[in-house]
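Read through the structure below, which is laid out as structure tokens, and then see the notes.
Just so it is clear, none of the values below were taken in a lab; they were calculated from the coordinates. Note that this is a predicted model, so its numbers are computed, not measured. Because the Cβ atoms are built from the backbone with ideal geometry, glycine has one as well, and the counts that use them run over all protein chains shown.
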Amino acid sequence: MRVLTKEIIALVLVLLSVSGCRVKHPDERKVISIKGSDTMVNLVQMWAEEYMKLNPDVSIQVTGGGSGIGIAALINNTTDIAASSRELKEKEKALANENNITYSEINVALDGLAVIVHPTNKISNLTMDELRDIFTGKIKNFSELGGGNLPIVLYGRENSSGTYEFFKEKVLGRNQSGGQNEFAPSTQVLQGTASLAEAVSKDKKAIAYGGIGYFVLRNDVKIIGLKNDRFSLPIFPVKDGRVNYELIRDKSYPISRSLYFYLTDNSKTETAAFMEFIKSPKGQKLVEKMEYIPLITDATENGSVD
């Protein structure tokens with residue numbers, strides 16, 4: 001009996017040791033939810049995957065839907081982080097205040113909006129005024145711009161998109177009475193920037209806009225240059241197949257922008273640690289890898305990524 005008792009005790013100790021070393025069940029992981037910008041979703045997913053490799057006790061859930069969707073979720077307290085390719089609107093700030101939501105705005109990367117056409121299109125650059133007149137419907141044929149006799153087909157993003165809002169504000173601008181210029185009713189609205197690239201690659205009459213990272217490695221769309229006015233030289237956001245970082249960092253390229261994370265001021269401890277990773281050289285090297293523009297000039301320092 002004594003031998004049997006010793007064997008039972010030894011077995012119990014082994015079982016306790018094994019249970020103490022077991023991997024945490026997914027339900028026991030610390031969860032961070034991120035919702036918002038479709039422009040940023042591929043980058044955010046990459047950040048999440050790399051961070052979870054380093055921190056297996058954390059689960060990061062990433063969904064898109066548009067910047068407006070993410071900001072609304074933050075205000076409604078249904079996400080930890082809102083990813084946004086634009087700043088908050090005044091009405092969103094007011095709504096957050098009404099709901100007693102205090103938040104922090106964190107710049108996590110930079111981006112440039114690229115304007116794309118089909119590779120066979122003769123147009124190589126446009127002025128900002130021409131771009132406005134195209135998307136408001138004033139210019140209807142590429143022949144008006146020195147191109148071929150092709151009726152222009154417009155592709156754009158849905159109105160919950162931060163890219164839509166940014167382009168509307170920075171490119172379409174306001175009329176002489178101070179009212180906001182609107183997109184032409186003929187604009188074909190697509191969900192996500194990748195869908196825009198696919199549409200333009202198949203349509204010789206197409207023109208669209210979107211985050212540069214979605215287009216730079218494709219050879220089935222053409223990124224055109226932009227001129228501040230007809231007397232200026234065109235500025236190309238891509239040179240020799242690579243994003244021209246400095247022209248976007250110093251805002252020389254006319255439609256450069258910041259990308260943001262919005263967090264409530266009562267964010268979880270694990271959210272703060274994730275933010276430190278994103279702003280680190282390793283996190284910013286991932287920005288470069290995904291063809292966005294890192295915040296820090298030397299993102300490769302101590303931040304190599306396989």
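Determine Rg/Rh for the chain; Rg is computed over alpha-carbon atoms and Rh is the Kirkwood hydrodynamic estimate from the same atoms. Display every interim value, and only then the final one.
Numbers: Rg = 24.1 Å, Rh = 21.4 Å.
A ratio of 1.13.
Let me spell out the model: positive unit charges on the Cβ of Lys and Arg, negative unit charges on the Cβ of Asp and Glu, origin at the Cα centre of the chain. What dipole size does that give, in debye rounded to 20?
Approximately 420 debye in magnitude.
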query: PRE reach from SER232 (point 7 Å along Cα→Cβ): which of the stretch 115-134 fall under 12 Å by backbone N?
result: 126-131
query: Tell me, ASP265, ASP220 in order of fewest to most beta-carbon neighbours within 10 Å?
result: ASP265, ASP220
task: Enter the Cα centre distance for the pair the stretch 169-244 and the stretch 111-141, rounded to the nearest angstrom.
output: 6 Å
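Against the empirical 2.2 N^0.38 Å scaling, what ratio does the C-alpha Rg of the stretch 112-256 come to?
Working: Rg = 14.0 Å, N = 145, 2.2 N^0.38 = 14.6 Å.
This ratio for the stretch 112-256 stands at 0.96.
Mean residue ellipticity at 222 nm from the helices of the chain, using -39,500 (n - 2.57) per DSSP H segment of n ≥ 4 over the full residue count, to the nearest 500 deg cm²/dmol?
Numbers: 10 runs with 99 residues, N = 306.
Counting only the DSSP helices, I get -9500 deg cm²/dmol.
Can you give the FRET efficiency to the nearest 0.05 for LYS204 and GLN61, using r as the Cβ-Cβ distance and R₀ = 51 Å? Walk me through the intermediate numbers first.
Details: r = 40 Å, r/R0 = 0.79.
The calculated FRET efficiency here is 0.80.
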query: When the chain is modelled as a GNM with alpha-carbon springs shorter than 10 Å, which of GLY137, GLY241, GLY162 fluctuates the most?
result: GLY241
task: Between LYS239 and ASN219, with labels modelled 7 Å along Cα→Cβ, what's the label distance in nm to one decimal, could you check?
output: 2.3 nm
task: Using label points projected 7 Å from each Cα along Cα→Cβ, tell me how many nm separate THR120 and ASP250, to one decimal.
output: 3.9 nm
Net length gained if the chain between SER186 and SER143 were fully extended (0.36 nm per residue, minus Cα distance): 13.6 nm
field: Residues of the stretch 69-100 with amide N under 12 Å of a point placed 7 Å along Cα→Cβ from GLU158
entry: 69-70
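With a sphere of radius 15 Å drawn around the Cβ of GLY36, what net charge do the other residues whose Cβ falls strictly inside it have (Lys, Arg +1; Asp, Glu -1)?
Numbers: positive: LYS35, ARG86, LYS89, ARG157, ARG257; negative: ASP38, ASP80, GLU87, GLU92, GLU105, ASP111, GLU158, GLU165.
Local charge sum for GLY36: -3.
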- line: Charge tally for neighbours of VAL243 with beta carbon under 12 Å away, counting Lys, Arg as +1 and Asp, Glu as -1, is -1
- prompt: By the gyration tensor of its Cα atoms, with a ≥ b ≥ c the square roots of the eigenvalues, what is the shape of the stretch 94-135: rounded for a/c under 1.5, prolate for a/b over b/c, or oblate?
  reply: prolate
Full-stretch length increase - LYS30, LEU95 - with 0.36 nm per residue and alpha-carbon distance subtracted: 20.5 nm
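In the structure shown, do any of LYS168/LYS282; LYS91/LYS168; LYS222/LYS285; LYS170/LYS222; LYS205/LYS279; LYS205/LYS239 have a Cα-Cα gap over 29 Å, and if so which? Kindly include the intermediate steps, with their values, before the conclusion.
Working: LYS168/LYS282 34 Å; LYS91/LYS168 17 Å; LYS222/LYS285 26 Å; LYS170/LYS222 22 Å; LYS205/LYS279 41 Å; LYS205/LYS239 24 Å.
Distance filter (> 29 Å) returns LYS168/LYS282; LYS205/LYS279.
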Sorted by Cβ density within 10 Å, fewest first, the residues ILE212, ILE75, ILE106: ILE106, ILE75, ILE212
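Find, among the trypsin sites (Lys or Arg not before Pro) in the stretch 183-258, those assigned to loop by DSSP (not H, G, I, E, B) with at most 11 other beta-carbon atoms within 10 angstrom.
Values: sites: LYS202, LYS204, LYS205, ARG218, LYS222, LYS227, ARG230, LYS239, ARG242, ARG249, LYS251, ARG257; in loops: LYS202, LYS204, LYS205, ARG218, ARG230, LYS251.
When the trypsin sites (Lys or Arg not before Pro) of the stretch 183-258 are filtered for loop state and at most 11 Cβ neighbours within 10 Å, LYS202, ARG230 remain.
Over the chain, what is the mean sequence separation of C-alpha contacts under 8 Å (at least six apart), divided by residue count, expressed as relative contact order in percent?
Details: 564 pairs, mean separation 71.0, N = 306.
Relative contact order of the chain: 23 percent.
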